[in-house]
Each structure stands twice: as structure tokens, then as C-alpha cells.
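Taking it in order: structure first as C-alpha cells, then the write-up.
The values are calculated or read from the model by the stated rules, or taken from the named source; none is laboratory data. Since this is a predicted model, take the numbers as computed values, not measurements. Reconstructed Cβ throughout: ideal geometry from the backbone, glycine too, with neighbour counts over all protein chains shown.
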Amino acid sequence: MRIALYEPEIAGNVGAVLRLCACLGAAVDLIEPMGFAWDDRRVRRTAMDYIDHVVIARHAGFDAFRASIGVQRLVLFTTKSTLSAYDFAYSADDVLLFGKESAGVPAAIADACDARLRLPMRPQVRSMNLATSAALALGEGLRQTGALPE
């Protein structure tokens, strides 16, 4: 299972996702452009030495990313879906896609995904933090597929 971040804007969020994926054994795809310089010390500070324990692939744009994953199922997490992330049957090779913090993904990107899921939350709030959302989604996917580390 992989986590893909579409045009992430906040270095600290990317660092937290890198740390999450290092701990749970998932690779990370970063779809450019990003809203910060990759060598930004904040990414390394947030990811700490965990950055050395995660496979990271950077892609020049969505088309390059989509071509790189081949037939793997692309699962988008979006507040615009009605299907709960907890009512979905994950596959071990799913790629879990998260949009940019300020705007999610454009409609064309959402249409290119194989599934769209929503993390349930109270209606009076807009959305969760990117790293928190990735943790909930990846944890559920790995739990369902029996791939959680011991």
C-alpha cells in the first residue's frame, strides 16, 4: 500500500506523512508541484531520521504519477464523497491519494480515481489535517489487508 500526496503545500504535513509511512511500511508518492522547497529543513525536522526508512518517489505531475502506478487501484480521500473509508474493501496494493491542503484535487483528478472515500467526521467541521487523515486511512487499509506491522 502507498500514500500519494497531490501537490502538498505544507512541509510539516509531508514530514509527518513520511514518518507515518516509515513506521507502517508504506511508500510515499509526492506529486509536484509542491508548495515548498523539497530541501526545506522543516520536512527533515518533522520526519526526523525516519526519512531514511521510507521509499519516496517524486513525480513531475499527475500524469507521470498515474503512469508510474500502472494498474494499481487509485483511492481518493475527499470530503466530497459519501462512501465511508470504513465501508470500503481495500487491496494490499492500493494507492491512497490525498489532495492539497487548501483545495483537495481538481475534478479531473477525482474522475481519474478508481474510488472516492470519505473519513467520517462531525458535520460542523470542514476537514481533518492531512497527516491525520493519512494515518486513519492507511491504518484501516493495512488492518483490513492484514499488513499492519506487529
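Considering every residue within region 100-113, establish whether at least one is more than 25 Å from residue 35 (Cα to Cα) and either part of a loop (DSSP other than H, G, I, E, B) or modelled with pLDDT of 95 or more (or both). Break it down stepwise before answering.
Start the filter on region 100-113 by keeping residues that are more than 25 Å from residue 35 (Cα to Cα), which leaves none.
No: zero hits.
Examine region 35-45 for a residue that is at pLDDT below 95, buried (at least 19 other Cβ atoms within 10 Å of the Cβ) and within 19 Å of residue 10 (Cβ to Cβ), and state whether such a residue exists. Write out each step before concluding.
The first filter runs over region 35-45 and keeps only residues at pLDDT below 95, leaving 35-45.
So of that shortlist, the ones also buried (at least 19 other Cβ atoms within 10 Å of the Cβ) come out as 43.
When the remaining residues are screened for being within 19 Å of residue 10 (Cβ to Cβ), the result is 43.
Yes - at least one qualifying residue is present in region 35-45.
Would you list the helices (runs of 4 or more DSSP H) that sit entirely within region 1-90 and hold 3 or more residues that are in contact (Cβ under 8 Å) with a residue 60 or more places away in the chain?
Values: elements: 11-24, 41-47, 62-69.
Because the criterion is at least 3 residues that are in contact (Cβ under 8 Å) with a residue 60 or more places away in the chain, the helices (runs of 4 or more DSSP H) in region 1-90 that meet it are 11-24.
Condition (residue is among the small types (Gly, Ala, Ser), at pLDDT 95 or above and in contact with a Lys or Arg (Cβ under 7 Å, 6 or more places away or on another chain)) applied to region 126-147: is it met by at least one residue?
The answer is no; no qualifying residue exists.
Are any of the residues in region 115-135 touching a Cys at 6+ places or on another chain (Cβ under 9 Å), in a helix (DSSP H, G or I) and closer than 22 Å to residue 7 by Cβ? Full working, then the answer.
So in region 115-135, the residues touching a Cys at 6+ places or on another chain (Cβ under 9 Å) come out as 134.
Keeping just the survivors that are in a helix (DSSP H, G or I) gives 134.
Now drop any that are not closer than 22 Å to residue 7 by Cβ, which leaves 134.
There is at least one residue in region 115-135 that is touching a Cys at 6+ places or on another chain (Cβ under 9 Å), in a helix (DSSP H, G or I) and closer than 22 Å to residue 7 by Cβ.
Looking only at region 9-31, filter to residues that are in contact with a Pro (Cβ under 9 Å, 6 or more places away or on another chain) and surrounded by fewer than 18 Cβ atoms within 10 Å (Cβ to Cβ); which one of those is nearest to residue 96 (Cα to Cα)?
25
Counting only residues that are crowded, with 20+ Cβ neighbours inside 10 Å and either of a type outside the set (Lys, Arg) or free of Cβ contacts under 8 Å to residues at least 60 places away in the same chain (or both), which one in region 91-108 is farthest from residue 144 (Cα to Cα)? Write out each step before concluding.
The initial filter retains those residues of region 91-108 that are crowded, with 20+ Cβ neighbours inside 10 Å, namely 94-100, 105.
With either of a type outside the set (Lys, Arg) or free of Cβ contacts under 8 Å to residues at least 60 places away in the same chain (or both) added as a condition, the list becomes 94-99, 105.
On the way: 94: 12, 95: 14, 96: 14, 97: 18, 98: 19, 99: 23, 105: 26 Å.
Once the filter is applied, the top-ranked residue is 105.
Name the single residue that is surrounded by the fewest Cβ atoms within 10 Å (Cβ to Cβ) among those in region 118-135 being in contact (Cβ under 8 Å) with a residue 40 or more places away in the chain and under 23 Å from residue 19 (Cβ atoms).
Our first condition is that a residue be in contact (Cβ under 8 Å) with a residue 40 or more places away in the chain; within region 118-135, this holds for 118-119, 126-127, 129-131, 133-135.
Checking the rest, the ones that are also under 23 Å from residue 19 (Cβ atoms) come to 119, 127, 129-131, 133-135.
Working: 119: 19, 127: 15, 129: 13, 130: 22, 131: 22, 133: 22, 134: 26, 135: 20.
Among those that are in contact (Cβ under 8 Å) with a residue 40 or more places away in the chain and under 23 Å from residue 19 (Cβ atoms), it is 129.
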